[in-house]
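Only one structure is covered here, and it is reproduced in the block below.
The values are calculated or read from the model by the stated rules, or taken from the named source; none is laboratory data. Being a predicted model, the structure only gives us computed values, none of them experimental. Quick reminder, even Gly has a Cβ in these numbers, built from the backbone with ideal geometry, and neighbours come from all protein chains shown.
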Amino acid sequence: MSEKAAKNTVTIRAFVAVSIAKVIRHLPIPVFTQQLRRLINLIMTKGLREKDLNQRDKARKALLKVVQEVSPKFLGLVFKEMHD
């Protein structure tokens, strides 16, 4: 991997994503859903669309752990964000 490509690569860390999910879970529902959308969108754009398979695997695990943390009732929101 070239030095320039290494600078452009962002690693999605599951424990950071879960920590953010734990914090936003305590916000009011409208703010929570807005922040959850932003978190999912970040995982999608910076992780699941990477060319590197290892980065995509980490992003998948992070997304799974975030959904487990916030509750499966928000799974529909995750699917909607993935579709958009």
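Report those helices (runs of 4 or more DSSP H) wholly inside the chain carrying at least 3 residues which are at pLDDT 85 or above and of a type outside the set (Lys, Arg).
14-24, 29-43, 53-70, 75-83
Looking at the range 22-40, I want the residues that are more than 11 Å from PHE74 (Cα to Cα) and have a partner that is polar (S, T, N, Q) and part of a helix (DSSP H, G or I) with Cβ atoms under 6 Å, at least 6 apart or on another chain. Which pairs are those?
The qualifying pairs are ILE24/GLN35.
Out of LYS58, LYS46, I need the residue that is under 12 Å from the mean Cα position of the chain (by Cα) and touching a residue at least 40 places away in the same chain (Cβ under 8 Å). Which one?
Within the list LYS58, LYS46, the selection yields LYS58.
Could you check the range 57-84 and list, in sequence order, the residues that are more than 17 Å from LYS22 (Cα to Cα) and exposed (fewer than 15 other Cβ atoms within 10 Å of the Cβ)?
ASP57, GLY76, PHE79, LYS80, MET82, HIS83, ASP84
Please name all residue pairs, on different chains or six or more residues apart, with Cβ atoms under 9 Å, provided the first residue is in the range 63-78 and is touching a residue at least 12 places away in the same chain (Cβ under 8 Å) and basic (Lys, Arg) and the second residue is assigned to a helix (DSSP H, G or I) and surrounded by fewer than 15 Cβ atoms within 10 Å (Cβ to Cβ).
Listed by first residue and then by second, the contacts come to LYS65/PHE15.
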